[in-house]
Structure formats: C-alpha cells, structure tokens
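What follows is one structure encoded as structure tokens, with my remarks underneath.
Every read-out reported here was derived from the displayed coordinates using simple, explicitly stated rules and does not represent laboratory data. Just so you know, these numbers come straight off a predicted model, no measurement behind them. Cβ: placed from backbone, ideal geometry, glycine included. Neighbour counts: every protein chain shown.
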Amino acid sequence: MVYLQKAALTDGREVYEMLQRIPPENGFLNSCYQMDWAEFPSWLAKRVNMAQGIGLEDWQVPSTTYWPMDDGIPVAFGSLRHRLTDALREAGIAYQTQQARKEKEEYDKYWDDISPFIKFGCLKDDKFCERMNDYILFKNLEGKYLTLPECLEVKPTDTADGEDAEKDAAENGEEKEAGSAVDENGEKVEAEVVTDEEDSEDSEAKDGEGAEKKDKIIYYVTDEQQQGQYIKMFKDNGMDAVILTHNIDQPFIQQLESKNEGVKFRRIDADVTDALKSETDQETEKELEEQAKALGEIMKKVLDNDKLTVKVEKLKDEKISSVLTLSEETRRMQDMMKMYSMPGMDMGGFGGEGETLILNANHPLVQYVNDHQEGENVDMICEQLYDLAKIQQAPLAPEAMARFIARSNDIMMFLAKQ
C-alpha cells in the first residue's frame, strides 16, 4: 500500500538512508544528501518546525515534509508549502513547470513520484491548481502520459467513421443527383428542389437552444489486475482510460470536475458504453428487453437481491458472459460512507445499491438460462454468472468466495461425469 507520511521527530535510520540514495539533480534539492548521521536529527527538527511555522526566514512560508511510503518503507520525499506568495507563483512554479514541459521525457519519468505532491498542492491552493491544470499528467492504458486537454481530444477514428459512412452511402446509391426523381414506372423525371435557407437556420437555432451539451467522459482504472476484464474490453474496441491508483486521486478528480465544466470522470466499470455493444435493430431491442425482464426476475430470486438491476445486451466480445457495473455516483457515495464510517457500523445497507448486471445475449450460458428458465442447473449458473461478474470488479466477501469455490468444484465434477 502506498501512502504519504508526515515527517516526525521519531523518524530514524530508514528515512536517513533513503535520503542518502537521492542525489540533488535537475533542479531538485536534497540538503540532507551526504549528511552525517549525527547531523540528521537537527535537520529533521528544522523540517518539523517549518510545518508549524517556527524558525522561518522572512521569505519563507510554512511547509510540511512528507515521505511517500510503500508498504511501510520510505521511498521518496517532498515538501508542500501551506501557501504560495505571488513571487513564488510567478517565478518559481511557473518557471519550473515550463522547464519541465520542455523536457517532456524527463517530466514523464518523474511524474509518478511527484504527482501526489502536485495533486495535494492543487487541493490546497486554487491558484496553484489553475496554473497546473494543463500540466497535470495522466498515464493511459498504453503507458503514455497525457495532459487533461490531450485526454479530451476526439480520436481520429470518430471522424473516419463518419467519412466511411458517407462513402458507403455513395457506393450504395443513396446519394442521388440533385433535382432528379423517378415516377411509378421507374422513369427519371425533373423535380423541383426546395432549399429553404431560413428553415434551415431556424432548425439549427432550435437545435442549439434545445440540445444539451454532452459531458466529455474520461474513464479511469483504480486496479489494473482487478479490472483487467474491463481493460481488455476497452483495448479490443479501441477505447482508452487513465490509471488512477493513489488515494489522493479520488478527491483530486472531483476537484477537476468542479473546475472544468463538462468534464466527468467515470471508473472503467461504471457502465458499458455503446462502443462495446453490437448494433441492434428495434425488433432485437424489444426482444432483449423481454429477456431482461424474465432473466431479471430469475436472478433476483436466486440471488435474493431485489436491488439488482438486470439488463441483456449483445456485447461484441462473445466470450464475456456477464459484466457488473456500478454507477459512478453510487460508488463514490459508498466509498465516502466506508471512509467515514465508525468502527462496528453496519455497512450492509449500502452494498448492492446501484449495481447493474449486464448479461451478454451472445454468450451460450446466457442463452441456456433464457431457453431453460425452469431447468435444474439454472440456479447454479445464475449464481456463477453473478460471481464471475462481481469478481472482475471487487474481491468477493469471505463467505461469497467460499461459496464460489465450492460451486466451481461442483461444476467441474459435473463436467467430469459427462
């Protein structure tokens, strides 16, 4: 587990030795580097005092030193000023940021180490956040570092799809010659072409007034292993997401949403976008709704969960049987309740709320359940479909995991007897 630990007078050899492994370079200062162990307590006391505003020079402001800890071991260090002077904003931060962006590769290389401090600074100081807005980096699924504006850029494939559609229409003869028509015998006749510019302008104005601006969605991953199935679905369909695994990322993205109108962050398992579904006509949509109603009743009964929403969709990947989604708003609320809950508080009332189980109509298991709703093995398959979806999103509770393992063994025994 990675977290930030505030410098304290009790810090000892581990912190000292870590500081000796980090030489000052590229403008990064480490006054403790190559310092004797006997001088370390005095240096540390000065750092602790600075956090309390004690012993500061006229030009200094209070700052707190933190050690990023990895499973209890200090791995780096950094200081966060409690506030910034105008001089620091104009000279120090602006200059360092510009220099870092000029050396993009170096900036990318150090981003993972310095990002918790930068994000913490953004949360503490609005002016600093405004200045850093276009310099914050996000690592995507391919390991590339992107700025917020780069994350919001429209992919070239979006435009290409539109051009392909026009090309296909032209090839299929859908684009007809202007001013021509055919009569009931198929003969070409002249026709009057009406181009009402005023109506067109009125229509555009009406669309502009009535149409709501769509939010720009940035999908993110909090656990690359746990959410591996969702990552594969995104990659297979040419979609991208960013990696946000630090504890500070949740409050940070909420701040970004509040300061960037129309920008929303959603965890990769928050929904199943249209890009992951096969195209269906109205008749098929109606059939899927009927299946969802029937299978939903079965699932709720088998799982004893009336809060569960069940949908049936035709996913492009036929190997995926089921996917569980949880709306971003509900998940954030649950995370907040868990964070602030008192020891012994029953959190059961918040579990399962807002979950949607999406069954893939293209998968044989889902088809079997739909065709054999009264079948002898339906209950077992339904439980397995739900657990397989759940385990892709979060670890199963101990009792649920025990039932999942026992059920998996039963399924293998059943197959072995066939």
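Could you give each residue of the range 363-373 its phi-based ³J(HN,Hα) in whole Hz, using Karplus coefficients 6.51, -1.76, 1.60 with θ = phi - 60°, and x for Gly or Pro?
These are the phi-based 3J(HN,Hα) values: 8, x, 5, 5, 5, 5, 4, 5, 7, 10, 4 Hz.
Set the Förster distance to 45 Å, then compute FRET efficiency between D379 and E279 from the Cβ-Cβ distance, nearest 0.05. Numbers along the way, then the final one.
On the way: r = 33 Å, r/R0 = 0.73.
Using R0 = 45 Å, I get an efficiency of 0.85.
Tell me which residues come under 5 Å, amide H to amide H, from R267 once H is placed; ignore anything under 5 positions away on its chain.
Correct list: Y220.
Over what distance in Å are the Cα centres of the range 369-387 and the range 258-294 separated?
Answer, in whole Å: 24.
Grab the eigenvalues of the alpha-carbon gyration tensor for the range 216-274, scale each by 5, take roots, and send me the semi-axes largest first in whole angstrom.
Details: eigenvalues 84, 42, 11 Å².
Over the Cα atoms of the range 216-274, the ellipsoid semi-axes are 20, 15, 7 Å.
Place a +1 charge on the Cβ of each Lys and Arg in the range 2-81 and a -1 charge on the Cβ of each Asp and Glu, then give the dipole magnitude about the Cα centre in debye, rounded to the nearest 20.
Working: 6 positive and 10 negative charges, 38 e Å.
Using only the charged Cβ atoms, the result is roughly 180 debye.
Can you work out the FRET efficiency for the pair T222 and I54, with r the C-beta to C-beta distance and R0 = 35 Å, to the nearest 0.05?
Efficiency, from the Cβ-Cβ distance: 0.35.
Toward the positive end of the charge dipole of the range 275-417, about the Cα centre and with charges on Cβ (Lys, Arg +1; Asp, Glu -1), which of P364, Q282, F404 goes farthest?
Final value for the positive-end residue is F404.
Using the number of other C-beta atoms within 10 angstrom as an exposure proxy, rank S31, S278, S322 with the fewest first.
Listing S31, S278, S322 from fewest to most nearby Cβ atoms yields S31, S278, S322.
State to the nearest 20 debye the size of the charge dipole of the range 223-276 about its Cα centre, where the only charges are +1 on K and R beta carbons and -1 on D and E beta carbons.
So the magnitude is around 60 debye.
So which GluC sites (Glu not before Pro) in the range 237-324 end up in coil per DSSP with only 10 or fewer other C-beta atoms within 10 Å?
On the way: sites: E257, E261, E279, E283, E285, E287, E289, E290, E297, E313, E318; in loops: E261, E279, E318.
Those satisfying the criteria are E261, E279.
Can you flag which of K119/K139; K127/K264; K124/K144 are past 24 Å Cα-Cα?
Values: K119/K139 14 Å; K127/K264 21 Å; K124/K144 27 Å.
Beyond 24 Å: K124/K144.
State, in angstrom, two size descriptors of the range 275-417 derived from its alpha carbons: Rg to one decimal place and Dmax to the nearest whole number.
Cα only, the range 275-417: 16.4, 52 Å (Rg, Dmax).
Quick one: of K6/K214; K390/K417; K104/K232, which pairs are farther than 31 Å apart, Cα to Cα?
Details: K6/K214 41 Å; K390/K417 28 Å; K104/K232 29 Å.
Beyond 31 Å between Cα atoms: K6/K214.
In Å³ and rounded to a whole number, note down the convex hull volume per residue for the Cα atoms of the range 2-81.
99 Å³
May I ask you to evaluate 6.51 cos²θ - 1.76 cosθ + 1.60, the Karplus curve with θ = phi - 60°, for each residue of the range 133-147 and list the ³J(HN,Hα) values in order in whole Hz, giving x for glycine and proline?
Whole-Hz 3J(HN,Hα) from phi for the range 133-147: 3, 8, 10, 5, 10, 10, 7, 8, 5, 8, x, 8, 9, 10, 7.
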